[in-house]
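The values are calculated or read from the model by the stated rules, or taken from the named source; none is laboratory data. Owing to the predicted nature of the structure, the values given are computational and were not obtained by experimental measurement. In case anyone asks, the SASA skips ligands and DNA or RNA and just uses the protein heavy atoms, side chains included. Shrake-Rupley method; radii C 1.70, N 1.55, O 1.52, S 1.80 Å.
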Amino acid sequence: MERGPVRTGQSVLAVAAVVSLLPALAIGLPSGLGGIFLLTATPVSLPLFLRRSPQAFAWASLIIGTGLLAWAVVGLIVGLFLFIPAALMLQASAFVDARTRPGVPGGVAALGVPLASGLMFYGIPGL
């Protein structure tokens, strides 16, 4: 059993997942389905509260990310596809650990940071 806080790469991806929700909430909250968007976005921040336990953080990230991805596919018609980047970043944060997989953090950062910044830049002007 691991002790100590989670790695920085995992925390960065979890924070990026929360930040990537801003365009989805900006688009969804003013619509008639604002409650669904808000309830969908709420559990994404849960892994950030579990950073002292790496195993709990990884399991929470994986479960919430997978559930969010499935829910986004189910709600594709009403615009829940906007949550797919957050779901993918949460799933990736469950597996980023420099101690066991040395090359993965750089690869995930190379994919996750442009994804989050592109969503922030291009998602909001589309209102």
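The table below lists the values:
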quantity	calculated
Accessible carbon and sulfur surface of the stretch 1-47 relative to its total accessible area, %, 1.4 Å	72
Alpha-carbon gyration tensor eigenvalues x 5, square-rooted, for the stretch 22-64, Å	27, 8, 7
